[in-house]
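*Asks:* Could you have a look at this structure, given as structure tokens, before my questions?
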Amino acid sequence: VIAGVLIFSLLINPLNKLSKRIGQFSEQQRGNTRGRKHSSLSHSLSQQATSPPAKDEIDQLQQTFGQMTAQIEQQFDQLKDADNSRRELIANVSHDLRTPLASAQGYLETLLIKDKQLSQNERLHYLKTAISSTTRLGQLIGDLFELSKLEAINVAPKFETFSLAELVYDTLQELELELKEKGIHYQVITPNHNLNVHADISLIQRVFENLIRNAIAYTPKNGRIVFQLEAQTNVTTDAIKISISDNGAGISQDDLPHIFERFYTNPDKSREANHSTGLGLAIVKRILELHNSPINVQSTLNQGTCFEFSLPFAA
């Protein structure tokens with residue numbers, strides 16, 4: 001009888017421990033939904049997930065449960081981060097949408113109230129301002145929609161082979177009117193026009209458009225924008241390095257780490273003054289992340305800014 005009791009206890013103890021851990025995990029999840037944290041349990045579960053190989057079926061079950069709980073904890077943390085990002089995005093969007101909407105609404109209401117008291121020039125000024133606000137509102141909504149699509153889990157670039165130099169010239173030609181309005185000169189430096197890359201042509205064109213428009217916004221009249229394409233072929237790298245530089249206002253060292261954040265506001269220059277939605281560089285970064293290409297930026301105040309990234313050669 002004594003031997004039977006000892007054997008039974010040896011069999012039951014691991015099950016009791018597992019049952020206790022399951023109960024603790026269940027309590028932890030209820031606490032998480034109420035905003036409480038149980039760091040000690042998470043630590044013990046992570047230790048359990050990295051324990052030595054299982055000796056028997058019960059030990060194996062304990063390790064499997066530890067791995068499962070660690071994965072659930074990781075997913076729960078990701079959901080919390082996503083929820084915080086969503087709340088922050090909604091707060092920023094509501095602010096940025098409200099500003100142009102309130103401006104357009106205010107000018108249109110003024111036109112209705114003071115219709116007979118306004119001169120033709122004043123009426124025209126109010127209408128132009130209202131149209132400008134609605135245009136900015138449309139740009140912001142468009143950028144938000146595009147960024148949300150790019151951040152979707154199942155998004156994937158449509159890779160194809162194309163000439164990078166031709167895409168650069170096509171993009172500059174589309175933006176030539178904006179460049180001429182500020183008298184900005186541009187230059188394309190490339191060893192040849194047959195630098196073919198393997199990427200999503202529409203997304204890379206969007207990258208070029210956003211970076212050029214960003215350069216136009218912060219480059220003074222009669223400024224300069226330089227596109228440079230450089231082939232990099234060696235043992236570890238087989239790609240084309242792209243750099244887009246300007247001689248504009250530049251970015252302070254304090255602002256550099258934040259310029260790719262959504263709705264980041266430069267305290268020295270308002271986005272409204274430069275017709276920016278605050279999402280252009282965030283879209284650029286996300287597109288290049290989909291191409292596994294990090295983007296670097298170097299800038300000096302009152303001297304200019306240079307953005308650099310690489311794309312792989314077409315096989």
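*Asks:* Of the residues that sit in region 275-289 and are closer than 17 Å to residue 260 by Cβ and open to solvent by 30 Å² or more (accessible area, probe 1.4 Å), which one is modelled with the lowest pLDDT? Talk me through it step by step, then tell me what you get.
*Replies:* Just the residues of region 275-289 that are closer than 17 Å to residue 260 by Cβ, to begin with: 276-289.
Imposing the further condition that a residue be open to solvent by 30 Å² or more (accessible area, probe 1.4 Å) reduces the set to 276, 285-286, 289.
Working: 276: 61, 285: 92, 286: 90, 289: 91.
Only one residue tops the list, namely 276.
*Asks:* Just to be sure, is residue 125 outside any helix (DSSP H, G or I) and either surrounded by 13 or more Cβ atoms within 10 Å (Cβ to Cβ) or of a type in the set (Val, Ile, Thr) (or both)?
*Replies:* Values: outside any helix (DSSP H, G or I): no; either surrounded by 13 or more Cβ atoms within 10 Å (Cβ to Cβ) or of a type in the set (Val, Ile, Thr) (or both): yes.
No, not satisfied.
*Asks:* So which helices (runs of 4 or more DSSP H) stay within region 129-219 end to end and still have 1 or more residues that are open to solvent by less than 60 Å² (accessible area, probe 1.4 Å), hydrophobic (A, V, I, L, M, F, W, C) and in contact with a Lys or Arg (Cβ under 9 Å, 6 or more places away or on another chain)? Working first, answer last.
*Replies:* Numbers: elements: 164-174, 176-181, 201-218.
In region 129-219, 201-218 are the helices (runs of 4 or more DSSP H) which contain 1 or more residues that are open to solvent by less than 60 Å² (accessible area, probe 1.4 Å), hydrophobic (A, V, I, L, M, F, W, C) and in contact with a Lys or Arg (Cβ under 9 Å, 6 or more places away or on another chain).
*Asks:* Of all residues in region 220-230, which are open to solvent by 10 Å² or more (accessible area, probe 1.4 Å) and aliphatic (A, V, I, L, M)?
*Replies:* Initial filter on region 220-230 (open to solvent by 10 Å² or more (accessible area, probe 1.4 Å)): 220-222, 224, 226, 228, 230.
Across region 220-230, the qualifying residue is only 226.
*Asks:* Within region 231-259, track down each residue that is open to solvent by 30 Å² or more (accessible area, probe 1.4 Å) and within 23 Å of residue 139 (Cα to Cα).
*Replies:* The answer is 258, and nothing else.
The values are calculated or read from the model by the stated rules, or taken from the named source; none is laboratory data. What you are looking at is a predicted structure, and each value in this text was computed from that prediction instead of being measured. Heads up, the Cβs are rebuilt from the backbone with ideal geometry, glycines too, and the neighbour counts pull from every protein chain shown. Calculation scope for accessible area: heavy atoms of the full protein, side chains included, ligands and nucleic acids excluded. Shrake-Rupley method; radii C 1.70, N 1.55, O 1.52, S 1.80 Å.
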